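Read-outs throughout are calculated quantities, based only on the coordinates presented, and are distinct from any laboratory measurement. Quick caveat: nothing in here was measured; it's all calculated off a predicted structure. Using ideal geometry, Cβ is built from the backbone for each residue, glycine included, and neighbour counts are taken over all protein chains shown.
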Amino acid sequence: MLYQEEGKKKIICKDYLTNPKPTQNNIVPVSLREQNIGSNFAISSSEKEYFSAISKSTIIAGTVHNERIDRITEKLISEYVNFCNKYGFSGRIEGMNFQVNILNLDEWNALCYAGGQIFVNLGLINESANDDEIAAVIAHEIAHAISWHTSEKIYEQYLDYLYLNNAVTTAYQYGGTYFGDKVNSFMSNRFVYDFLYPFSRDAETEADLIGVVMMARAGYNPYSAIDVWIDKPSRNEYYSTHPSPETRVNDISNFIKSFEFKVLTKYY
Ligand SMILES: [Zn+2]
C-alpha cells in the first residue's frame, strides 16, 4: 500500500526535499516506494513497440494541436526532469527519450512508453475542456514511465511464465514423453511480453498521485485531474484498467489536501 505509514512518510518527504541524497535510483519519486527491478529491458522493448506502432499509425503534424501538445508536454517533462535531477532520482530517467506524437484517432486515450515516447489521441484533445485536463492525463502517463511500471509488468509476466514452465517438467514426469512433448512444444518460446497487459491498480494509483504533483509543479491546476477522471461513457475502455472513477476522485482529492502534496509542490 502506498502512503501507509503516516508518520514515517512525512519525515521521508521532508528529508529528501531538504537533504536530497546523491542517488536513489531504486526508489520511485514522490511515492518513495522501493523497487528491485531495472528499467533497461523495458526501455529497449518498448522502443521496438513504439517504432512498430508509429509505422502503423497516422500521425498528425504541423497543426495548432501540435503546438499546444508540445507546449504542455514540454512543461511537464521539464518538471519531471528537474525534479529527478534535483532530488537524486536522475537514474530514473536514464535512457529515456521523451517525445510526443498526436495520433489521428477519435478514441479518448494517451500513453507513454517506458522509454518516454508519448502518444496523445486527437479524440482526447477534442474532448478536453482546457490545457489543465490534457496536462492531467499526460502527467499520469509520464508518471507510469518514471515509475518503471512497464518493468514491473514484464517482471510479473515473466514470473507467471516461469511458473507455467514448471508444467513441462511435471508433464514429462507424470504424463510420459508424448504428453510431455505436447506441453513442451506449447510452452517453447511462449514468453512474449504483452504491452496491452494492464498496469496494476496500485500502479495506477501511484501514477495518479505522482501526476498531480508534477502537473501542479508545472503550473497546471491539479483539481483538473478530478474533472478528467469523473466517469464518461466514452472513457469506459480506458477506465477498465484503472481504479473506479469514485475511488480515483477520492484518492486524488484527499492527496491534494494532504501534507505531502503541500510539501512536494511548495518547494521548487
Ligand atoms: Zn494509467
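Things worth noting here:
- Label sites at ASN85 and ASP202, each approximated as a point 7 angstrom past Cα along Cα to Cβ, lie 3.2 nm apart.
- In plain terms, the chain from LYS266 to GLU74 could stretch by 67.1 nm, reckoned as 0.36 nm per residue minus the Cα-Cα distance.
- Ranked by the mean number of other Cβ atoms within 10 Å of their residues, highest first, the peptides 247-260, 100-113 come out as 100-113, 247-260.
- Among TRP148, TRP229, the ranking by other beta carbons within 10 Å of each residue's beta carbon, starting with the fewest, stands as TRP148, TRP229.
- Gained length - LYS48 relative to HIS65, 0.36 nm times residue gap less alpha-carbon distance: 3.5 nm
- Approximate spin-label separation SER57-ASN254, in nm, with each point projected 7 Å along Cα-to-Cβ: 3.4
- FRET E, pair SER244, ASN184, Förster distance 51 Å, beta-carbon r, rounded to 0.05: 0.75
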